[in-house]
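A.B. asks: Before anything else, here's the structure in question.
Laboratory data are not the source of any read-out in this text; all were calculated from the coordinates shown. Values in this document were obtained by computation on a predicted structure and should not be read as measured data. All Cβ positions, glycine included, derive from the backbone under ideal geometry; neighbour counts span all protein chains shown.
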Amino acid sequence: MDYVEKRMNDEAAKASADGGFLTPLNILLMGVVAYTTYSMLRPTPPPKPSRDAAPTIFRTYTPRSLLPFNGEQGAPVFLAVRGKVFDVSRGRNFYGPGGPYSNFAGRDASRGLACGSFDEDMLTKDLDGPLDTLEGLGAEEMEALQGWEDRFNDKYDIVGELVSADAYKEKNKA
Ligand code: HEM
């Protein structure tokens, strides 16, 4: 190998060892990859609460005080399932006036949902009496009710608890 050939080989080896990788294009590509990775891993700040969102106030309802929340004249639509009061106003088409499930609006819907029935009998008759203990329901009905409750938990906000008129009085004595 003569001198010129040896020099050329040396130069080629040197170029591929350093300058070959750090070309302007590769540097640019590394920058793009680094920025994309950073963007993907960067923690996102929590969304700011909207100014328009009405604050949710957790309240205690009785069957009687729940009744006006039936969606009529623009009222919100609430219903109760096993002592939890859900704001189902987003499902106004289902529960609002004229909706297929409007019988549940402003009521304890537990028994009706468990039995898959819209019968008037399913709803608490005496609004000042005890809550429905769901006595007499079988395992299948309780399972159906659990399914509805899970769905409501996912879909709607809980805005309060439902207690009997007596329990309410007791609670507010102190
Ligand atoms: C002929 C029988 C029925 C038909 C065709 C029917 C149809 C429907 C349809 C299409 C939906 C909407 C599903 C969705 O978009 O998420 C729905 C939801 C619902 N149905 Fe029925 N349904 C029937 C019977 C019942 C019965 C017997 C009950 C309980 C008593 C019931 C309670 C509900 C409830 C609570 C919802 C959920 C609404 C929500 O997401 O807030 N349905 N039904």
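A.B. asks: Using only the Cα atoms of segment 59-172, build the gyration tensor, take square roots of its eigenvalues as a ≥ b ≥ c, and label the shape rounded, prolate or oblate: rounded if a/c is under 1.5, else prolate if a/b is larger than b/c, else oblate.
C.D. replies: Verdict is rounded for segment 59-172.
A.B. asks: Still on this model: Between ASN26 and ILE57, with labels modelled 7 Å along Cα→Cβ, what's the label distance in nm to one decimal, could you check?
C.D. replies: About 6.7 nm, to one decimal.
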